Amino acid sequence: KKFNWPEPEWRRFYKTLTHEELKAKALSDFQVKAEYEALATEFALIDELLTARNRAGLTQEEVAKRMGTAPPVVVRLESGDRSNKYSLSLATLRQYADALDCELEIKLIPRHSELANRHSGYWLSQSI
């Protein structure tokens, strides 16, 4: 017979939040929002790496083998490890792209709307 545990006392006072609710609540704090926005580029890069690997149908271990490196390197790359001990290099990104049979493209896009309007349609894009 399965035992039904009583609801913890604290649940009467706290609502469980979904991920989206928690994110919205956290981002309502301007300092948290500023930090989150500062990391947007890193989040986008990590998302791109994971999407490409999943599309290729490879595991982190398989990618590491194709790169000629150890799996922890791929783990650090995909997790956005920001420690100074391991800095991301262009060479590592090239190896990762090659392992997934992808091209690596880096774009520099003007941040300010005045520059963006002046150079609309033109940005520095280089296939590496």
* Report yes if some residue within region 55-62 is in a helix (DSSP H, G or I), touching a residue at least 40 places away in the same chain (Cβ under 8 Å) and surrounded by 14 or more Cβ atoms within 10 Å (Cβ to Cβ); otherwise report no. => yes
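Determine whether region 78-91 contains at least one residue that is surrounded by 11 or more Cβ atoms within 10 Å (Cβ to Cβ), assigned to a helix (DSSP H, G or I) and either basic (Lys, Arg) or at pLDDT 90 or above (or both).
Taking every residue of region 78-91 in turn, at least one turns out to be surrounded by 11 or more Cβ atoms within 10 Å (Cβ to Cβ), assigned to a helix (DSSP H, G or I) and either basic (Lys, Arg) or at pLDDT 90 or above (or both).
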* Asked: Mind checking which residues of region 52-72 are polar (S, T, N, Q) and within 13 Å of Tyr96 (Cβ to Cβ)?
  -> Gln60, Thr69
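The values are calculated or read from the model by the stated rules, or taken from the named source; none is laboratory data. Keep in mind it's a predicted model, so treat the numbers as computed, not measured. Note that each Cβ is placed from the backbone with ideal geometry, even for glycine, and that neighbours are counted across all protein chains shown.
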